[in-house]
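Single-structure report; data block below.
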Amino acid sequence: LLQHHGGARVDIYEKLPVPFGLVRFGVAPDHPEVKNVINAFTQTARSERCAYYGNVTVGRDVLVAELQQAYHAVVLSYGAEDNQVLGIPGENLSGVYSARAFVGWYNGLPENRELKPDLSCETAVVLGHGNVALDIARILLSPLQLLRKTDITDCSLAALACSKVRRVWLVGRRGPLQVAFTIKELREMINLPGARPVLDPADFTGLESAVKDAPRPRKRLTELMIKTALEKPVERPVEVQAAAPREWGLKFQRSPQEVLPSADGTRARGIRVALTRLEGSGDSAKAVPTGDVEELECGLVLSSIGYRCLPLEPAVPFNTRRGVIPNSAGRVVGVPGLYCSGWVKRGPTGVIITTMNDSFDTAQSVLEDLQVGALDVATSREGFGAVESILRSRGVRPVSFSDWEKIDAVEVARGKAAGKPREKIVDPQEMLRLIGH
């Protein structure tokens, strides 16, 4: 918007005092290169035509209708704040966590800082075959010396140092041709020092011919799984074997039925899965239970079956079945001047680049509406001036981008002292104290 319209001014509102959302709280700590997008965001936020207001919850501190009074156009891009539930007995037992909460915990998301996951068991089951599932498995099995150099939080590093988890099964309802993770993440997992992949060659019978004509990424991904399944384990010297007894594996065509309780009924001791067969092929294949079941022993269950967007407030249209704001090219249906972008626009799928391109499309819609006069810019709007008085009347003090830069400097300094890129502050109150709020 700033690039293509010389007169546009953009204000960004964010619930937390700190910016960057999923890049800060979703990207794995050992993937610093993925976080480079922060540099582009910072450059934009420093533009004199852009302002950042953190510590403001839209829908509570200020309503969308109030924003619409203050601005010519309002874009909602608040992502997916919840996770899909399994909907099976036992999912509320101790030892069962959503991937979203677990990732939030090791990445310093304030709402998950008290999670304290129990890592005292040997075997963990991750339900799901996406990149997030692989991230979790990798963090659980990574050598500590690798994690120590990342921006993983101090308290999760301490918990992982005491972890007894040495085996992780990644369980999916469908087959090898339907996995959602990408080759880069799989390769990283296969090459993880001190952890051995366990893939069953029988799972891949006949797949080489099945992927002959598949798109190149799917073909290469499947070939890497087949190659890993068929490779003979390297004979390691006995002393190395003793030092590296960690392993992970992929289990296919198994659908979670019930988390099994321990004898005293308080915590997870395993999971019962229904064996499935596939109907149809490719991405549209459906998993249908065969009637057979299997029990996997584990003390830790992490459910990574997807995220879920929530409605912001009753005044904003929301399709609860699809979990998105109904829109056409980012224009919210029936509400002129209201737009959406990202996961609330098209559902929680895709990586940073997908979401970035999607936001360019929404910006294009705003620019088109400006051009054809669909947005009434003849009357001037007060922007933040109007919102500021609303926030003040409700006792809310926004955090500016230069406030964030003070918090950032403290995090980087604390990290440097510990030999890490940063030590994230996980308590919003501490962030606010630092900047004198």
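The values are calculated or read from the model by the stated rules, or taken from the named source; none is laboratory data. None of the values given here were measured: they were computed from a predicted structure. Positions of Cβ are generated from backbone atoms using ideal geometry, with glycine treated the same way; all protein chains shown enter the neighbour counts. Surface accessibility is based on the protein's heavy atoms, side chains included, excluding ligands, DNA and RNA. Shrake-Rupley method; radii C 1.70, N 1.55, O 1.52, S 1.80 Å.
At a glance:
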item	result
So L312, is it open to solvent by less than 80 Å² (accessible area, probe 1.4 Å) and assigned to a loop (DSSP other than H, G, I, E, B)	yes
Residue list for segment 382-435, filter: assigned to a loop (DSSP other than H, G, I, E, B) and among the hydrophobic types (A, V, I, L, M, F, W, C)	V396, A418, I425, V426, I435
Number of the condition not met by T57 [criteria: (1) under 22 Å from V396 (Cα atoms); (2) touching a helix residue (DSSP H, G or I) at 6+ places or on another chain (Cβ under 8 Å)]	(2)
Filter pass, N55 being crowded, with 21+ Cβ neighbours inside 10 Å, at positive phi and out of contact with any Cys (no Cβ under 6 Å at 6 or more places or on another chain)	yes
Which listed residue, of K149, K164, is under 19 Å from N107 (Cβ atoms), surrounded by fewer than 17 Cβ atoms within 10 Å (Cβ to Cβ) and either among the charged types (D, E, K, R) or touching a Cys at 6+ places or on another chain (Cβ under 7 Å) (or both)	K149
Hey, L93 at pLDDT 95 or above, surrounded by fewer than 23 Cβ atoms within 10 Å (Cβ to Cβ) and either closer than 29 Å to V387 by Cα or in contact with a Phe, Trp or Tyr (Cβ under 6 Å, 6 or more places away or on another chain) (or both) or not	no
V126 open to solvent by 60 Å² or more (accessible area, probe 1.4 Å) and in a strand (DSSP E or B)	no
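Quick grid of which residues meet (1) of a type outside the set (F, W, Y); (2) farther than 30 Å from S304 by Cβ; (3) without any contact (Cβ under 8 Å) to a residue 60 or more places away in the chain; (4) not in a loop (DSSP other than H, G, I, E, B):
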site: T349; (1), (2), (3), (4): yes, no, yes, no
site: I353; (1), (2), (3), (4): yes, no, yes, yes
site: D358; (1), (2), (3), (4): yes, no, yes, yes
site: L367; (1), (2), (3), (4): yes, yes, no, yes
site: L370; (1), (2), (3), (4): yes, yes, no, yes
site: D376; (1), (2), (3), (4): yes, yes, no, no
site: S380; (1), (2), (3), (4): yes, yes, yes, no
